[in-house]
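The next block holds one structure in the form of C-alpha cells; read it before the comments.
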Ligand code: BGC
Ligand code: CA
C-alpha cells in the first residue's frame, strides 16, 4: 500500500457516511448517522460547520434546481433540506416515504445519477435480517423497488457509462453489478466483487472517470480501487478500522475524501475523522436530484 491518507478533520463522527462534493459550496458534506449530524468541510478555507437533526440524515445530495439538498432520513422519508450557515437545518417538502410498514428498517446509503434520479437502499437497523431493499426514485418522486433481500444495503455507485450501477450488501460481503435500462429498470444482477474475511465489509463506493470502483473497507482499514473487470488495482491505508465511504472532490475532481466511524472503535484516536488522499485519478462530477446533469 503505497499511498496514505491524512486526517483533515478530527470530527469524531459516530457513523460518518455519505460524503458529497458540492462545487457550488466548495465543500465536502457528510452525515453522521448515529450522531444525527450533517458536517461540512470547506475546501479552500478548511472551515468546519455542522448541523444537528432530530431525524438523522443517512445521505444527502444536492437539488438540481439550486434550492438546497435532498436527504434520506432514518425514518425512511426522503425530504428537501436547507442548510444555511449559522441556522438550524430546515426540513422541507417530503418527496417520498419508503417502507411505512417496516419500522425496524432505516435508510442507508443513497446517490443521484446523471439522469437526476436517486438510487437508495434500506436496511434492518439491527443488521440481522435481510429486510432491506434497493429503490430508484425518479425526478417526479415515483418510487420503484429494484431489488430486495439486503441486510445492509450500501454504496450505490453509477458507472461512467451510465449503463451500469454497483450496489452492495455489506453483511454478505458482496458487491453486485446491474445493467440499467433506458427506462431506469435494472437487469442482469451479478456478483462483481466478493470480500474475504480479512478484507472486512464493503461499505460506501464511488466510481472514477476511468470506471475504477473505489470501495471503503468497514473493519478493513483501507479504501481499495478495483478495475472495471473487478480485479484489485491498489489500496490506500487508513489509521482507523471502520472506513465507510469516499468521494472525489475539488475543482479538478482529483482529491479523494474518506469518511470513517468511531462507533465501536473508541480506542482508535482518529476514528470518525474525515481523511483526504491523492487518488492519482479523477472522479466523476457529482450528480444532483431533479433533472438531467449531463
Ligand atoms: C451502516 C452501518 C453498518 C456498516 C457496515 C454502514 O453503511 O450504516 O450500520 O454497520 O455499513 O456494514
Ligand atoms: Ca454506508
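What follows draws every value from the coordinates through simple rules; no lab data is involved. This structure is a prediction, so every number in the text was calculated from the model and none was measured. Cβ: placed from backbone, ideal geometry, glycine included. Neighbour counts: every protein chain shown.
Building the convex hull from the alpha-carbon atoms of the chain and averaging its projection over directions returns 13.5 nm². Taking the empirical scaling 2.2 N^0.38 Å for compact globular proteins as reference, region 189-275 has a Cα radius of gyration ratio of 1.08.
In the calculated pair-distance distribution of region 228-294, the portion above 17 angstrom amounts to 55 percent of the Cα-Cα pairs. Note on region 239-294 and region 85-161: Cα centroid distance 19 Å, given to the nearest whole angstrom.
In plain terms, the chain from residue 190 to residue 233 could stretch by 13.4 nm, reckoned as 0.36 nm per residue minus the Cα-Cα distance. Kirkwood radius for region 80-184, taken over all pairs of different Cα atoms as the inverse mean of 1/r, rounds to 14.6 Å. Modelled this way, with points 7 Å down the Cα-to-C-beta line, the labels at residue 101 and residue 10 are 4.9 nm from one another. Sequence-distant contacts, meaning Cα pairs under 8 Å at least 6 residues apart, place the relative contact order of region 162-294 at 15 percent. Computed over the chain with a Gaussian network model linking Cα atoms closer than 10 Å, the most mobile of 54, 101, 124 is 101.
Between 211, 181, 230, the residue with the greatest mean-square fluctuation in the GNM of the chain (Cα pairs under 10 Å linked by springs) is 181. Largest mean-square fluctuation among 18, 121, 220, in a Gaussian network model of the chain whose springs join Cα atoms under 10 Å apart, belongs to 220. Computed on region 9-148, with alpha-carbon pairs under 8 angstrom and 6+ residues apart, the relative contact order is 13 percent. Put a dot 7 Å past the Cα of residue 55, heading toward its Cβ, do the same for residue 209, and the two dots end up 3.9 nm apart. Relative contact order of the chain, please, whole-number percent, based on alpha carbon pairs below 8 angstrom and at least 6 residues apart. Dividing the mean separation by the residue count of the chain yields 19 percent.
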